[in-house]
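Q: Take a look at this one; I'll ask things after.
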Amino acid sequence: MWPFKRVPIVDTDTAQWHADNFAWLVATFGGNGAFANSVLVLPKPGFFPADGQQGHAKALHILERVKHYCGMDDWPVELVPDHNPAADRSTISVAMPVHGKHALGTFSVAGNAVQISYVPALLARPERLIATLAHELAHYLLATAPTSPPCEDDEHEFLTDLTAAYLGFGVFMTNSVFEFEAIQDGPMQGWRYGRSGYLPEQDLVFATALYIAAKELDPHPAYQCLKPHLAKLLKRALRDLTIDKAFVEQIRASIPEKAQAGELA
């Protein structure tokens with residue numbers, strides 16, 4: 001017999017943090033079929049059809065699709081490009097990975113006006129742009145919460161990443177955490193390294209597993225769209241959730257009563 005017990009991808013306390021906050025999200029925002037009708041958004045044809053837009057028009061088009069999947073079609077928001085030089089990702093580092101410190105997106109409210117910014121360089125990386133916009137729209141959703149979440153105040157950005165997964169963007173969020181790219185400029189060669197979001201990969205995989213398990217979805221489309229090592233982690237997480245069903249049962253129990261009557265069947 002193999003002498004080592006397989007270790008879950010997140011520890012018990014972390015898993016409980018996810019379940020508690022995911023259940024709060026479902027209880028707070030999942031009524032009237034919002035959670036039941038949400039979809040697992042994937043980086044594959046059909047989810048983000050292109051109409052030939054370029055530049056900021058392309059970003060606006062993507063934002064409208066992200067809003068649609070979030071159930072926020074009618075939520076007013078101004079999208080603005082952030083041309084701060086600190087966001088320039090073109091600098092090459094020879095023989096070592098580098099990453100930028102500038103935020104890829106921001107959410108702000110001035111009076112009744114909501115504004116989301118994005119770094120234009122993300123237009124060349126649509127998957128990261130989609131993850132960034134989902135994170136900022138998660139901020140928007142959380143700003144309307146009538147009750148406080150279970151997490152601590154200093155965990156708000158972690159909750160925002162979790163909220164993006166709750167909205168169906170777990171695959172995008174997970175794939176976008178780390179990005180390594182080989183680059184060359186004349187005689188110079190090196191690597192560019194980018195990091196997005198706040199939750200670690202394992203946490204976002206677990207959050208995605210909670211979403212899939214709570215909604216009883218076929219996980220194979222997610223496996224096909226995730227990076228290979230992340231697909232393996234998702235399989236492990238879903239296997240663990242079938243063994244210890246308490247976390248998924250906690251989330252399902254939090255669905256508002258009107259939405260429970262057959263909507264997830």
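Q: Compute the FRET efficiency between Ala124 and Glu257 as 1/(1 + (r/R0)^6), taking r as their Cβ-Cβ distance and R0 = 41 Å, and round to the nearest 0.05.
A: On the way: r = 46 Å, r/R0 = 1.12.
Computed FRET efficiency for Ala124 and Glu257 comes out at 0.35.
Q: List the pairs from Lys58/Lys235; Lys67/Lys232; Lys58/Lys215; Lys44/Lys67; Lys44/Lys235 whose alpha-carbon separation is above 26 Å, in the order I gave them.
A: Among Lys58/Lys235; Lys67/Lys232; Lys58/Lys215; Lys44/Lys67; Lys44/Lys235, the Cα-Cα distance tops 26 Å for Lys58/Lys235; Lys67/Lys232; Lys58/Lys215.
Q: Need the list of aspartates and glutamates near Lys227 for cross-linking: C-alpha distance under 13 angstrom, and skip anything on the same chain fewer than eight residues off.
A: Output for Lys227: Glu127, Glu179, Glu201.
Q: While we're looking at this one, here's another question. What is the spin-label model distance, in nm, from Ser108 to Ala27 if the labels are put 7 Å beyond Cα along the C-beta direction?
A: With each label point 7 Å from Cα toward Cβ, the separation is 3.5 nm.
Q: Also: At what distance in nm do the modelled label points of Glu155 and Asp218 sit from each other, each positioned 7 Å from its Cα along Cα→Cβ?
A: 3.5
Just so you know, all these numbers are worked out from the coordinates, no wet-lab data involved. Values in this document were obtained by computation on a predicted structure and should not be read as measured data. No Cβ is skipped: glycine too gets one built from the backbone with ideal geometry, and neighbour counts run over all protein chains shown.
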